[in-house]
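Each remark here refers to the structure printed beneath this line.
The values are calculated or read from the model by the stated rules, or taken from the named source; none is laboratory data. Since the model is a prediction, treat every value here as computed from it, not as a measurement. Note: ideal-geometry Cβ built from the backbone for every residue, glycine included; neighbour counts use all protein chains shown.
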Amino acid sequence: MAKTVFITGTGTDMGKTYVTGLLLKKLKDCGKNAAYYKAAMSGNVRGQDGELIPGDALFVKQASGIQQPLREMCPYIYENAYSPHLAARLVSDGELQSGATAN
């Protein structure tokens with residue numbers, strides 16, 4: 001049976017991503033099949049190829065050593081550092097920004 005753990009907090013820079021990376025690393029090291037999911041993330045930078053990189057998901061992936069693709073970890077990626085719902089509205093013509101997927 002699958003079990004779910006949610007890491008939540010009410011502000012930025014509270015350590016949610018850091019704790020999540022450590023928790024996933026421990027689960028992986030104990031032989032558990034653990035995965036990460038963050039529905040949307042704004043305030044991301046572009047890689048050399050021009051694609052947006054979900055920074056939190058990348059940190060968790062590197063800290064934990066999980067092999068999950070970044071696209072599965074965070075499907076909606078926005079460049080503007082606003083709340084994700086506002087960042088989505090600011091994308092022209094209602095399209096998702098380059099680097100974002102709709103699943």
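Values as computed for the structure displayed
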item	result
Qualifying residue in region 13-28 (condition: among the charged types (D, E, K, R), exposed (fewer than 14 other Cβ atoms within 10 Å of the Cβ) and within 22 Å of Glu79 (Cα to Cα))	yes
Count of residues meeting criterion [in contact with a Lys or Arg (Cβ under 9 Å, 6 or more places away or on another chain) and assigned to a loop (DSSP other than H, G, I, E, B)] in region 28-68	8
Among (1) modelled with pLDDT under 85; (2) surrounded by fewer than 17 Cβ atoms within 10 Å (Cβ to Cβ), the one test that Thr8 misses	(1)
Near pairs, Cβ below 9 angstrom, 6+ apart or cross-chain, from region 1-30 (under 20 Å from Gly43 (Cα atoms) and of a type in the set (Gly, Ala, Ser)) to any residue that is in a loop (DSSP other than H, G, I, E, B) and at pLDDT below 90	Gly15/Gly9
Test for Ala57: is it under 26 Å from Leu90 (Cβ atoms) and either touching a Ser or Thr at 6+ places or on another chain (Cβ under 9 Å) or surrounded by 14 or more Cβ atoms within 10 Å (Cβ to Cβ) (or both)	yes
Long-range neighbours under 6 Å by Cβ, at least six apart or interchain, first residue crowded, with 17+ Cβ neighbours inside 10 Å within region 72-93, second charged (D, E, K, R)	Cys74/Lys38
So Glu51, is it closer than 19 Å to Pro84 by Cα, touching a Gly at 6+ places or on another chain (Cβ under 7 Å) and not basic (Lys, Arg)	yes
